[in-house]
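The values are calculated or read from the model by the stated rules, or taken from the named source; none is laboratory data. Please read all numbers here as calculations on a predicted model, not as lab measurements. Here the Cβ positions follow ideal geometry from the backbone for every residue, glycine too, while neighbour counts run over all protein chains shown.
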Amino acid sequence: MRAAAAAGSANPTFAIYQSQVLTALNRMVRQRLRLCEDADAEQQRLYANGIVCGVPAPQAGVPASIPLPRCLDRHHHHDDDDDDDDGGDPGGRR
């Protein structure tokens with residue numbers, strides 16, 4: 001599938017494509033399909049592939065990776081599971 005088709009329009013701007021890449025990566029991190037540690041490299045890979053597949057390159061060049069909101073949130077929590085407790089096991093037992 002062409003990146004332009006994946007971005008939802010015949011001629012998406014790079015900004016639209018970038019937004020959709022970031023949304024998808026953030027969702028994959030939230031669902032634990034991707035690691036935060038891999039997000040920067042994956043953004044750059046997807047940006048490059050999008051351009052190769054027809055997404056217009058930005059005039060200022062491919063932007064640097066942007067930290068994903070889900071990855072920033074990890075620094076504000078004390079545990080890595082999806083429950084609301086602040087430690088202990090994922091079942092909430094202490």
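A few comments on the model shown:
- Residue match in the stretch 5-19 (condition: among the aliphatic types (A, V, I, L, M), modelled with pLDDT of 95 or more and in a loop (DSSP other than H, G, I, E, B)): no
- Where a residue in the stretch 18-43 is within 11 Å of Leu68 (Cα to Cα) and its partner, wherever it lies, is among the polar types (S, T, N, Q) and surrounded by fewer than 17 Cβ atoms within 10 Å (Cβ to Cβ), with Cβ under 8 Å and at least six apart: Ala39/Ser65; Asp40/Ser65; Gln43/Ser65
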